[in-house]
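Visitor: So that we are looking at the same thing, I have put the structure below in structure tokens.
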Amino acid sequence: MLWGQRIDSAITDVSRWLMVTLLWVMLGSISLGVFFRYFLGDAIVWSEEVARFSMVWVSFLAGSLTFRLGGHVAILYFRDLLPKPLDRAAGTLTAMIIAAFLLVLIVTGAQMVAQVAEQRSAALEISMAIPYSALPIGGILMLYQMIRVLLVTGTISVRSDSDEPPLNAE
């Protein structure tokens, strides 16, 4: 296996592992919160915060993996009506718009992380940089996966006449 493939596999595997782990953390936190509140009559102050921060991270991690699988929502009806050269141009324009949005997300997310680094969360008393880091890190991962798919397949979306995702996640 080439170094690039190893790095690509590592990025994807770590993203998957973190996403699944955080889903379990979110489920456990919510379950504990419900159990303590309704069965023991005493709420856990940190359960909602853990669930919320986990959900934010899961959303961004899942977004990057969805780019890899070509699973983001796309309206292909109009692109399917276009001749092949115009379809390619529309795909390129779409990729450029998404990349610009992700770059804005990365830059502004990093600025927000720096602004909130000294703030502490209400219940967990952790730096707010931890939950806010999901924005730039998620943006970087999404941009990476989008570029990876573009390099391998030449497109970021699945055409409606194809059942195959643009890039197998394995």
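Values in this text are rule-based calculations from the coordinates and carry no lab data. Since the structure is predicted, the reported quantities are computational estimates derived from the model, not experimental observations. Neighbour counts are summed over all protein chains in view; Cβ atoms, including those assigned to glycine, are modelled from backbone coordinates with ideal geometry.
Visitor: Name the residues whose placed amide hydrogens come within less than 5 Å of the amide hydrogen of Ile44, ignoring near sequence neighbours (fewer than 5 apart) on the same chain.
Guide: Arg37
Visitor: Between Ala89 and Val152, how high is the FRET efficiency from 1/(1 + (r/R0)^6) when r is the Cβ-Cβ distance and R₀ = 22 Å? Nearest 0.05.
Guide: So the FRET efficiency works out to roughly 0.65.
Visitor: Right, here's the next one. Quick one: check the C-alpha center-to-center distance for segment 11-56 versus segment 86-145, whole angstrom.
Guide: 22
Visitor: Give me the angle, in degrees from 0 to 90, between the Cα long axis of helix 84-116 and the longest principal axis of the Cα atoms of the chain, rounded to the nearest 10.
Guide: 30
Visitor: Once percent of Cα pairs over 22 Å apart is worked out from the coordinates, which option in [x] 62; [y] 55; [z] 67 does it equal?
Guide: [y]
Visitor: OK, next. Describe numerically, in nm with one decimal, the distance between label points set 7 Å from Cα along Cα→Cβ at Val104 and at Leu124.
Guide: 2.8
Visitor: What angle do you read, to the nearest 10 degrees and between 0 and 90, between the alpha-carbon axis of helix 47-69 and the longest principal axis of the chain?
Guide: On a 0 to 90 degree scale, this one is about 10.
Visitor: How would segment 64-156 be classified by its alpha-carbon gyration tensor: rounded, prolate or oblate, with rounded meaning a/c under 1.5 and the a/b versus b/c comparison settling the rest?
Guide: Prolate is the answer for segment 64-156, as a/c is 1.5 or above and a/b outweighs b/c.
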